Every structure is written in structure tokens, then in C-alpha cells.
Amino acid sequence: MWGFVLLRVRAHRLLLTAAVLAVLLTTSVLAMLSAFSAAIGDASLRHSLRTRDAATTALVVRADVPAKEREAAVAALDKGARRTFDGLPVHRASLITSGPYGLPHTPRGKQPDLTRFAAVERSEVKVTAGRLPRAPRGSVIEAALPKVAAEQLKLKPGDRLTLADRFGGPEVTVELTGVYRPARPQSPYWTLDELGGRGVQKLSFTTYGPLLADPSVLAGGRVSDGRSAWLATADFRTMTTGRIDALRDAARAGPRELLHSKALAGTTAVGTSLPDVLDRAERALLVARSTLLIVALQLVLLATYALLLVARLLSAERAGETWTLRARGASRARIAGLAAAEALLLALPAAVCAPLLAGPLTRLVASQGALSRIGLRLDAGTDGPVWLVGAAVAVGCALAVTVPALTVQGP
């Protein structure tokens, strides 16, 4: 039978070549759209979570935890953060502050200007003058002051200050060793600072700082205990759209568990806007997929019209051949079998090649236009759904070519 089928194909090779090309093109484009839809959804979600929405997706915990209980609080926080981010890798940063201290030289009758010591993540600051403080060796505490605060207070490295504990503790002597500024002012880390990394806050009284000190100062009881703040951020590089529901549920349950943690009994605030970010991302994803679906339907209609036109031409050319076969005793089932064999020849190249081309075509599209300008990389592959789409479209295209031919059966 296959020899006869090949002879039929050879006799009408121009029309069948056009049909094969149409089937291959349609299947390849639809398989590429399927791969593109999945890849663009995952890539745009990861890009949004790691850039534009990075600050709002972070888990922020503020608590009044004594120095001796911070280790247990950190362990509870790490466990809660993993729960909140549904097992994704988590990075934790902290900003531990002391109680308030009054600055000297306050005008009589006015509220004293305040400052606080803080253990700040060194990677989040950049020294503009002097050096970072070291662990104290005597009674003098080394500290660095924000650049804006230093300019307004007219202080520089080498100056010494005596600060009064507003909680009634002993005074402390501070030697300024440097001036710093936030390395990345827009970093989510500075949401932990009550001054937002600006260095100065003016309300009914003015607060300067924080005074960056060595972590041992905050842990060793040399200054009064203040508020501890932690920022937990997830690594979203492996995040996919299929995980949105699970991550959203975890992001709602995790903070509630942290609020009831015994190790964080002094917790004053726990929160993340990750569920809201995921809701917005899901709506945007739905709109994008709807747009791609419209494009795919338009392509299907156009391809169907073209293939039906080719099929009608092929059917008209084979009308005499079909009549001859019927006259020589060929049954309808036999003719249908010949048409099915031709359909297999049409569908097989497209079903195999289209999924293999989906990945390269998707990356080619992503390398052009706005996607390339924002640096969005698509990891498109030939996964199961792409193969399924390729096979289904190839079979559908083949049927569109061969079914009209079966309607002309001769006498």
C-alpha cells in the first residue's frame, strides 16, 4: 500500500508539497506560541518578583527582643520565612537597634535630638569618609554616622560625643570613625530603618542616624536594648506560574504563624505583600494568555482556510482517479485507508519538527523588541504540552487536507 501511496504523492507533489509546508508552518507557529506562553509567564513572573516588586514581596518582621533571646528569635524567623515562601531559598538580613540616646548641645527648653546605635548589614552601606567601626576595646564605642546627619551636625571622623541614654542607663562615649551612605538607597533593606536610610527625620523632635556600630556592641549589653528588625527575601529564580497558588497560600499562613511564635513574643509587626503581588501577576498572566489565544485562533482560521483550498484543488484533480479505483472494486474503507496514509505523511514531519523548533523560535522572538531591552530571558523547552500541541495541530491540519478528498468517492 505504501508504494501506491508514494506514487499518488509523486503524481500530485506540487499540491502536497504546499500542504506539507502549510501544515509544518502552522504547527510550528502554534507550538512556538504554546512554548512562548509558558515561558513568558514564568519569566515575567520571576522578573517582576525580583525587580519591580522586590520590596513588597519581602517578609518584614519587627520585634522588641532582648539581646539574649535574639538567637532563638532568628531560628524561629528562619523557619517561618521558609514556610512563608513555600520552601524557596531564603536570604535574611537584619537591622538591630539600641534604645534612643540624646545628642549633646540641645538648646534649652527643646526636645533633645535623638539617635540610635544599629548593627547594619555592611554590604548595604558605602563609606564616604573614614572607615567602618570595629569592636570596642575600652569604654569608647566606635561608630559611623550617615552623611546627611554628619553634614547637619557638622561632625567628622575623629570627633567624640557623649550620649545620654533616654531609658535612664549610663552615658556612653562615642568616637566617630567614618561617614557612610546607603549603597543602594532603593534597596528593600532600608525599609527596616525607621528613617528609611535618609539619615535624618524631623517630627516633634529630630532623629539622626542610625549610628553604625559593630554588632558586638548591640549584643554585649554596652547599650540599651531596642527594636530588632529582619528582612527575609526569597530566591525566585526557580519560580513558575504553576506554583502561584501554593506560594500565595503559604505567604498568608506564614506570617500568622510567626505572630504566634513564642520566640517572637515581642513582635510588633509581621507582614508581606506577596499575596497581593501574586494576585496582580495572575491577572496580568490571564490577559497575556488571552491575547496569545486570540492570535492563535486567527492563525488557525487562516491556516484552515488555506488548507481547505489546497484540499479542494487536490480533490478535484483526483476525482477521476477516485472514480477509477471505485470502478475496479476499491471499497470506501480502502480509499479511506489511502487518505489516512497520506495524512500520516503530512502530519509526521510537522509533529516531529514543530516542537523541536518551538524553543529556538521562542528565544528568537524574545531576543527582539521590548523583551530584549528589559533583559528578559526565556527558558523555553520542548516539554510535554508543546509536544501535545504539535501533535494535535499536525493531525488537525492533516485532516483538514484529507477529509474533503474522502467526500468524492465516485460511483
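So which of LEU95, LEU132, LEU88 is in contact with a Gly (Cβ under 8 Å, 6 or more places away or on another chain) and either within 30 Å of SER261 (Cα to Cα) or part of a loop (DSSP other than H, G, I, E, B) (or both)? First the steps, then the outcome.
Numbers: LEU95 fails: in contact with a Gly (Cβ under 8 Å, 6 or more places away or on another chain); LEU88 fails: in contact with a Gly (Cβ under 8 Å, 6 or more places away or on another chain).
Result of the check over LEU95, LEU132, LEU88: LEU132.
Name the single residue, out of those in the range 145-164 being free of Cβ contacts under 8 Å to residues at least 40 places away in the same chain and of a type in the set (Lys, Arg), that is surrounded by the fewest Cβ atoms within 10 Å (Cβ to Cβ).
LYS154
Test each condition in (1) at pLDDT below 95; (2) touching a Gly at 6+ places or on another chain (Cβ under 7 Å) for VAL127 and report the one that comes out false.
Only one criterion in (1) at pLDDT below 95; (2) touching a Gly at 6+ places or on another chain (Cβ under 7 Å) is unmet by VAL127, namely (1).
Output yes when any residue across the range 165-176 is under 42 Å from the mean Cα position of the chain (by Cα), open to solvent by less than 40 Å² (accessible area, probe 1.4 Å) and modelled with pLDDT of 90 or more, and no when none is. Give the steps one after another, and end with the answer.
Taking the range 165-176 and keeping what is under 42 Å from the mean Cα position of the chain (by Cα), we get 176.
From the residues that got through so far, the ones that are open to solvent by less than 40 Å² (accessible area, probe 1.4 Å) too are 176.
Checking which are modelled with pLDDT of 90 or more leaves us with 176.
Within the range 165-176, one or more residues are under 42 Å from the mean Cα position of the chain (by Cα), open to solvent by less than 40 Å² (accessible area, probe 1.4 Å) and modelled with pLDDT of 90 or more.
Could you please find all residues in the range 132-144 being within 37 Å of the chain's Cα centre (by Cα) and open to solvent by 10 Å² or more (accessible area, probe 1.4 Å)?
LEU132
Counting only residues that are of a type in the set (Ser, Thr, Tyr) and open to solvent by less than 30 Å² (accessible area, probe 1.4 Å), give me the strands (runs of 3 or more DSSP E) lying completely in the range 185-276 with at least 2 of them. Lay out the reasoning, then the answer.
Working: elements: 200-202, 206-212, 225-234, 267-271.
Filter on the range 185-276 gives 206-212.
The values are calculated or read from the model by the stated rules, or taken from the named source; none is laboratory data. Since the structure is predicted, the reported quantities are computational estimates derived from the model, not experimental observations. Backbone-built Cβ (ideal geometry, glycine too); neighbour counts: all protein chains shown. What goes into the accessible areas is simple: the full protein's heavy atoms, side chains included, and nothing from ligands, DNA or RNA. Shrake-Rupley method; radii C 1.70, N 1.55, O 1.52, S 1.80 Å.
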